[in-house]
Amino acid sequence: MPAQTILQYPHPVLKKVCHTVAAIDETIRGLVDDLVETMREGPGSVGVAAPQIGVTLRVCVIDVSGSRHGKDNNHGLLLMVNPEIVDRSGNAVMREGCMSVPDYTGDVERATQVRVRFLDGADGTEREITASGFEAVAIQHEMDHLDGILFLDRIVSIKTGLFRRKNYK
């Protein structure tokens, strides 16, 4: 499947609450494949959510295994349909960026550990995992997209927390 164009802020789809997926069929599997390809094509990307490519369904993909921050603590490629956080603990402020807001990064406070339940986008089986560290942050970031929330909405301090990227392109 081809990589898709990433919508950029302030595109209105990025602020929409996404719809629950009723069933995992070939259309959803195709969407998951498109998301994976788009993530792999993105510079430094560790996740993509469906609304970032213009689809308002509760689907996202995450893979921090290739990142220096997540390579030692991860579940590999996660194909998440209708994900929900069932438990969270700890708090930390981390620097985040987003392909939908390509010129900026910001300090965002997130839980350091999450337990998340979702349908696997490959075969529809229900999964529940506990993620920590960078993987937990990436999951929360992508799940925020499904609720129309961008990292810009969670910056801890606009005075000290938003930075323009250098040499992005």
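The values are calculated or read from the model by the stated rules, or taken from the named source; none is laboratory data. Being a predicted model, the structure only gives us computed values, none of them experimental. Calculation scope for accessible area: heavy atoms of the full protein, side chains included, ligands and nucleic acids excluded. Shrake-Rupley method; radii C 1.70, N 1.55, O 1.52, S 1.80 Å.
See the values below:
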| quantity | calculated |
| --- | --- |
| Aspartates and glutamates whose Cα lies under 15 Å from that of LYS71, excluding same-chain neighbours fewer than 8 positions away | ASP63, GLU135 |
| Mean-position separation - Cα centroids, region 46-124 and region 11-39, in angstrom | 14 |
| Gaussian network model of the chain, springs between alpha carbon atoms under 10 Å - residue of ASP107, ASP123, ASP33 with greatest fluctuation | ASP123 |
| Accessible-area composition of the chain, carbon plus sulfur, in percent [1.4 Å probe] | 46 |
| GNM flexibility winner over the chain from THR56, THR27, THR112 (Cα, springs under 10 Å) | THR27 |
| Accessible surface, per residue, of region 12-164 when the full set of protein chains is kept, probe 1.4 Å, Å² | 46 |
| 222 nm mean residue ellipticity, helices alone, for the chain (DSSP H n ≥ 4; -39,500 (n - 2.57); rounded to 500) | -6000 deg cm²/dmol |
